[in-house]
Amino acid sequence: MNLTIFGYPKTGKTTFFNLLAGAQIEVKAYDDGKKDVHVHACPVPDDRLDRVAALYPEKKKVHALVDIVDLAGVSFGEVKSGAYLNLLRKADALVHVVRGFRDPAIPHPAGRVNPADDIRTMEEELALADFVSLESRLEKLDKDIKKAKDPEAEKERDLLARLRADLEGGRALREIEIPHFEEKHLRGFTFLSRKPLIHAVNADETDIPRLNAPETLVPAPAGRGVRVLAFCGKIEMEILTLEGGDKAVFMEEYGMKESTAARVFRDLPGWLGEVTFFTVGKDEVRSWLISDGTPAVRAAGAVHSDIEHGFIRAEVIAWQDLVRLGSLQAAKDKGAIRLEGKDYPVRDGDVIYFRFSP
Ligand SMILES: Nc1nc2c(ncn2[C@@H]2O[C@H](COP(=O)(O)OP(=O)(O)OP(=O)(O)O)[C@@H](O)[C@H]2O)c(=O)[nH]1
Ligand SMILES: [Mg+2]
């Protein structure tokens with residue numbers, strides 16, 4: 001799982017990265033011209049995991065991890081450049097950090113601070129990149145179809161032509177319902193405007209009272225799969241680097257109800273269409289993130305490929321029931337554990353023991 005932070009220069013991307021990474025990474029801006037990528041595997045906090053793990057104090061608690069990637073700033077109009085595109089294509093979800101703070105010491109490349117404009121421009125840039133890939137594939141398909149009749153290629157061409165028209169009409173590809181039987185034609189593509197997208201507005205200090213109502217800072221974006229979140233990078237970073245127990249006091253004083261990391265990680269699975277399940281192993285209690293609707297046998301594969309291959313049954317209990325009953329053994333004795341087969345779609349909050357033959 002890869003969450004990629006990107007955006008125009010000097011908007012607060014690395015600050016946002018550090019907020020998520022818990023300020024373990026040294027705060028420093030990129031040196032000009034040095035375009036390395038910061039990556040950090042972040043444990044996804046989960047109260048439910050804490051509650052389940054508390055039943056087994058002798059076992060290690062292991063959180064599901066999300067790779068957070070921090071890219072260098074991209075100049076206006078440059079998203080289409082090859083190197084940047086390739087980095088964006090690797091993402092499972094995108095966080096676009098948007099300049100909202102007003103600070104004359106850090107000039108905005110367009111000469112004005114207007115988050116709504118930057119959001120619109122960036123969405124256009126993502127759509128344009130998809131348009132270019134569609135165009136080049138369509139050109140090739142048209143040539144091939146002229147040479148030899150190929151019904152599959154014709155179906156692909158019709159779908160891609162439809163998508164191109166949608167893009168021309170100003171829609172992002174994530175807004176478009178694509179029937180299951182047509183999805184196979186899209187496997188070779190990694191469309192940017194189809195990825196879940198969060199616009200994270202790095203708001204001005206004076207806007208702190210509005211952080212929990214981002215729609216008052218920028219208009220709510222249209223379409224499914226896009227969210228807006230507001231944070232105040234500078235102040236929150238200063239609070240995070242305070243020593244000791246002062247952090248909560250300062251957060252409260254500034255009227256910041258929750259840290260950016262807490263807000264992002266709580267909503268992340270929902271944004272990405274993922275669910276969390278838990279396992280209680282010999283030595284570890286763990287959380288796992290998988291796509292919503294994943295069948296039990298594939299969830300088993302997330303734990304270990306041998307378990308997927310030798311899958312027999314999944315023993316399943318909802319986390320609340322396990323916590324109420326106190327242990328898996330107690331749950332078994334009460335007949336509270338269900339046996340599910342290969343195709344069982346894993347539900348959010350399931351605690352699962354996979355039976356398998358090695
Ligand atoms: N005034 C103010 N400055 C900020 C804020 N957030 C970040 N900055 C400053 O803006 C500069 C850039 O912050 P970074 O987090 O490095 O921004 P970036 O988007 O990663 O920058 P590049 O990677 O160089 O494109 C730094 O000097 C920060 O101190 C903010 O909320 N308010
Ligand atoms: Mg940076």
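Throughout, read-outs are computed from the coordinates displayed, never taken from laboratory work. Everything numeric here is computed off the predicted structure, so don't read it as measured data. Cβ: placed from backbone, ideal geometry, glycine included. Neighbour counts: every protein chain shown.
The charge dipole of the chain, taken about its Cα centre with unit charges on the Cβ of Lys, Arg, Asp and Glu (plus for the first two, minus for the last two), comes to roughly 800 debye.
Using only side-chain charges placed at the Cβ, +1 for Lys and Arg and -1 for Asp and Glu, the dipole size of the range 124-193 relative to its Cα centre rounds to 320 debye. Sorted fewest first by neighbouring Cβ atoms within 10 angstrom, Tyr344, Tyr353 come out as Tyr353, Tyr344. Farthest towards the positive end of the charge dipole of the range 64-212, among the residues Asn114, Phe181, Leu87, is the Cα of Phe181, using unit charges on the Cβ of Lys, Arg, Asp and Glu. When the Gaussian network model of the chain links Cα atoms closer than 10 Å, the mean-square fluctuations of Asp130, Asp150, Asp292 top out at Asp150.
FRET efficiency for the pair Ala148 and Glu78, taken as 1/(1 + (r/R0)^6) with r the Cβ-Cβ distance and R0 = 30 Å, rounds to 0.20.
If you take the square roots of the eigenvalues of the alpha-carbon gyration tensor of the range 153-222 and sort them as a ≥ b ≥ c, do you get rounded (a/c under 1.5), prolate (a/b over b/c) or oblate? It is prolate, given that a/c is not under 1.5 and a/b is the larger ratio.
Estimated from helices alone, the mean residue ellipticity of the chain at 222 nm is -11000 deg cm²/dmol (sum of -39500 (n - 2.57) over DSSP H runs with n ≥ 4, per residue). Near Arg266, once Lys and Arg are set to +1 and Asp and Glu to -1 for all other residues with Cβ below 14 Å from its Cβ, the sum equals -3.
Centroid-to-centroid, using Cα positions, the range 58-94 and the range 154-233 are 16 Å apart. For Lys155, a cut-off of 17 angstrom between C-alpha atoms picks up these lysines, skipping any fewer than 8 places away in its own chain: Lys140, Lys143, Lys146, Lys147, Lys184. Using a/c under 1.5 as the rounded threshold, could you call the chain rounded, prolate or oblate? The axes a ≥ b ≥ c are square roots of the C-alpha gyration tensor eigenvalues, and prolate needs a/b larger than b/c, oblate otherwise. It comes out oblate by the Cα gyration axes.
On a C-alpha basis, how far is the centre of the range 283-313 from the centre of the range 322-358 in Å? Whole number, if you could? Their Cα centres are 13 Å away from one another. The overall shape of the range 293-356, judged from the alpha-carbon gyration tensor, is prolate: a/c is not under 1.5, and a/b is greater than b/c. Taking 11 Å as the cut-off, the amide N atoms of the range 133-151 that come nearer than this to a point 7 Å along the Cα-to-beta-carbon line of Ala161 belong to 142.
When the C-alpha to C-alpha distance is required to be over 22 Å, the pairs from Lys80/Lys195; Lys60/Lys342; Lys13/Lys80; Lys195/Lys342; Lys61/Lys342; Lys90/Lys234 that qualify are Lys60/Lys342; Lys195/Lys342; Lys61/Lys342; Lys90/Lys234.
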